[in-house]
Amino acid sequence: MLKINDVYAKAGDKEILKGLSLEVKPGEVHAIMGPNGAGKSTLGNLLAGMPHVEATQGSVDFLGKDLLDLEPEERAAEGVFLAFQYPVEIPGVNNMYFLRTALNAQRKYRGEEPMDSAQFLRMVKQKIKDMNMRDDLLKRPVNVGFSGGEKKRNEVFQMGVLEPKLAILDETDSGLDIDALKIVSDGVNQLRSPDRSFIIITHYQRLLDHIEPDFVHVLADGKIVKSGTKKLALELEEQGYGWLNQ
Amino acid sequence: MAGLINNWLEQAEQQNSAEPAWLQNKRQQAFSQLESLQDPNRKLEFWRYADVGRLTQVIDAGTESRPESALPSGNEEHDLVVRITDSGFELSAQCPDWLVIKNINELDEELWADLSFDQETVVNLANVVLFDTGVCIEISKTAKPVSILIDYQFAESNKWQYLRNQIQLAEGVHAKITERLHSGRLNVVNLFQVANQTELLRMQDFILSSTEQLVSFNQFDLNSEASVTNMSQHLGGALQHHLHRVNFNGQQAKYTSGSINKSYNNNNIVDLIEVNHHHKNNQSEVTHRSIAKDKSQIFNNAKAMVAPGADQSEIEQDLKNILLSEDAKIFSKPELEVYADEVVAAHGSTIGALDEQSLFYLQSRGIAIEQAREIMIESFEQEAIVC
């Protein structure tokens, strides 16, 4: 599904990724862990097409397409979804309108018919119920006045509605209390399927107690320095990242 | 003779005067004051960022249409439409007993209100000399909640029309008054006299093509416990110059203002508000959102003056502006002039581009950049919609 090959990338003027390679197959869940400043979020932003994050070398193939050659909205319509670490607030635009606009923009790109209001309403009501979230979320302006936890829940809800092929969760667990962490994790687990993959960027092992990864990678100084199973996350929790400097 | 003032004075001398002596006297006073002033120019605060030259320009209309409204309630029903045309005014329905609408020239002397104009407001002063149409609306104490649309429809688009409207709302009235330009080139003065415990929702909805011009002066006199919500939308125009003056004449009154200014091409919009807290315990909230594109220019200024002794006044000025092109310009200035001791006041102004992070957020959900910009602009405008 996703093949990142020897990618170097800079954020602004600073080179952050330095020869990163990663392959994600359909249905796999990859956790990316690592110390602050290692390039975890830059990786997520690069894949989603954030301005000022630019690959200087290497390639990213997503379902046979050169991902780096696509605009952010094209990447989204191809199936890439980034759950933001800090979701932005959009006053005056309610979630329902926002999501329907996004969904229909993606459908248009894929040559599908737009979803009418009634169909969309039925679909989102069912999704929000399935994900154990409160439906007042739909009427509120996007992320405005939301607590940190509500913003993260909204990201996962958007993911549920847009049904991406590759979801990148950028520190979705940060700022969540135990109950919120469970709701978010349950939402992600519901979306797991043989043809949907996840890259979960996190600092802590606790999220991986709820979302079982197939692989855990340690990202340090812009590249993956170690890969393993969930056991690696437990080791990191015990040992920290000090060993990287030895 | 050349110059704007000379033109106005010449025009005034040619006016046929069958008016009552007291009104002729008022006009003569304004005429004399006008003679002592200079043409509007860039040295004046109110005209510093306006293209004064456009007051005399007549621009070929071509085929350009007007921009789209930012407000959701563009075509709502009104109880009464007052259509002001070249030949006077007409009403869409008969007035109930509690509502009197008459030609401004038929105003009784005791109902006339002198407005204070000076060099800064010289273009509005010209209106006193030259107005020949407009309406006086009196809504009495027994009134039901009412919605009135004042619609300007003038056939001659190149001729400046000078209008004066005087609206008197009696105690306890709930009224909505919308002012809209259908066609014409206007210099309009509006006076709203708002009695105790009265609620006024006033909407000024001026959507102009790039060839049209409009100057407005709007004064709101609020008595105790009155509430005025003023929603303005100024889109387009070769020149739009608006001044809102608010006078708190009692206590515990509230003035809330939301204003959306949008300019494109070579538009020039000036949106000024001056709130005078003459007495204690009054509250004013001003929210302006301006968006300039292409080579257009906007000046928006909010000034609040708190007189000595006007304690417990509460003032908020929130001016935010977005530039959508390198050549567009916005000048934005919140001002507080406070002579009282105990006042709660906050003011702020920002000018910037659309937030890149927010645009990326929308794009990352599949929304194309152009549509993302539209959504962001809509979101920005929403903050100023106060009704």
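Determine which member of the set B:S116, B:S69 is hydroxyl-bearing (S, T, Y) and either at pLDDT 90 or above or out of contact with any Leu (no Cβ under 8 Å at 6 or more places or on another chain) (or both). Spell out how you get there, then give the answer.
Working: B:S69 fails: either at pLDDT 90 or above or out of contact with any Leu (no Cβ under 8 Å at 6 or more places or on another chain) (or both).
After applying the criteria, what remains is B:S116.
Scanning for something assigned to a helix (DSSP H, G or I) and more than 9 Å from chain B (Cβ to nearest Cβ), does the stretch A:14-37 turn up at least one residue?
No, because not a single residue in the stretch A:14-37 is assigned to a helix (DSSP H, G or I) and more than 9 Å from chain B (Cβ to nearest Cβ).
Rundown of residues vs (1) under 21 Å from B:L4 (Cβ atoms); (2) touching a residue at least 60 places away in the same chain (Cβ under 8 Å); (3) open to solvent by 10 Å² or more (accessible area, probe 1.4 Å); (4) within 16 Å of the chain's Cα centre (by Cα), yes/no style:
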| residue | (1), (2), (3), (4) |
| --- | --- |
| B:V123 | yes, yes, no, yes |
| B:A126 | yes, yes, no, no |
| B:K141 | no, no, yes, no |
| B:L149 | no, yes, yes, yes |
| B:W160 | yes, no, yes, no |
| B:S183 | no, no, yes, no |
| B:V189 | yes, yes, no, yes |
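Please state which of the following conditions B:G258 fails to meet, knowing it meets all the rest: (1) open to solvent by 10 Å² or more (accessible area, probe 1.4 Å); (2) over 25 Å from B:L55 (Cβ atoms).
Here B:G258 meets the rest and fails (1).
From the set of residues in the stretch B:359-377 that are of a type in the set (A, V, I, L, M) and over 14 Å from A:P91 (Cα atoms), which is farthest from the other protein chains (Cβ to nearest Cβ)? First the steps, then the outcome.
Restricting attention to the stretch B:359-377, the residues satisfying the condition of being of a type in the set (A, V, I, L, M) are B:359, B:362, B:367-369, B:372, B:375-377.
Imposing the further condition that a residue be over 14 Å from A:P91 (Cα atoms) reduces the set to B:367-369.
Values: B:I367: 5, B:A368: 5, B:I369: 7 Å.
Only one residue fits best here, namely B:I369.
Could you list, ordered by first residue, the pairs with Cβ atoms under 7 Å in which the first is in the stretch B:343-358 and within 14 Å of chain A (Cβ to nearest Cβ) and the second is in a helix (DSSP H, G or I) and open to solvent by 80 Å² or more (accessible area, probe 1.4 Å), at least 6 apart or interchain?
Filtered contacts from the stretch B:343-358: B:L354/B:R373.
Restricting attention to the stretch A:150-202, and to residues there that are of a type in the set (G, A, S) and within 17 Å of A:Q126 (Cα to Cα), which single residue is modelled with the highest pLDDT?
This residue is A:G160.
Give A:M1, A:M50 a once-over and let me know the one that is of a type in the set (A, V, I, L, M, F, W, C), surrounded by 14 or more Cβ atoms within 10 Å (Cβ to Cβ) and within 14 Å of chain B (Cβ to nearest Cβ).
A:M50
Select from the stretch A:97-112 the residues that are in a loop (DSSP other than H, G, I, E, B) and either in contact with a helix residue (DSSP H, G or I) (Cβ under 9 Å, 6 or more places away or on another chain) or surrounded by 18 or more Cβ atoms within 10 Å (Cβ to Cβ) (or both) and list them in ascending order.
A:R110, A:E112
State yes or no: is B:I375 open to solvent by less than 10 Å² (accessible area, probe 1.4 Å), β-branched (V, I, T), in a helix (DSSP H, G or I) and not assigned by TED's automatic domain parsing to the domain that holds B:D51?
Spelling it out, B:I375 is indeed open to solvent by less than 10 Å² (accessible area, probe 1.4 Å), β-branched (V, I, T), in a helix (DSSP H, G or I) and not assigned by TED's automatic domain parsing to the domain that holds B:D51.
Restricting to the stretch A:53-96, count the residues that are in a strand (DSSP E or B), β-branched (V, I, T) and within 11 Å of chain B (Cβ to nearest Cβ).
Number satisfying all stated conditions: 4.
State yes or no: is A:R122 at pLDDT 90 or above, under 22 Å from B:L359 (Cβ atoms) and of a type in the set (K, R)?
no
The values are calculated or read from the model by the stated rules, or taken from the named source; none is laboratory data. Bear in mind that the values here come from a model prediction, so they are computed numbers and not experimental data. Don't worry about glycine lacking a Cβ; one is built from the backbone with ideal geometry, like all the others, and counts go over all protein chains shown. With ligands, DNA and RNA removed, areas are computed over all heavy atoms of the protein, side chains included. Shrake-Rupley method; radii C 1.70, N 1.55, O 1.52, S 1.80 Å.
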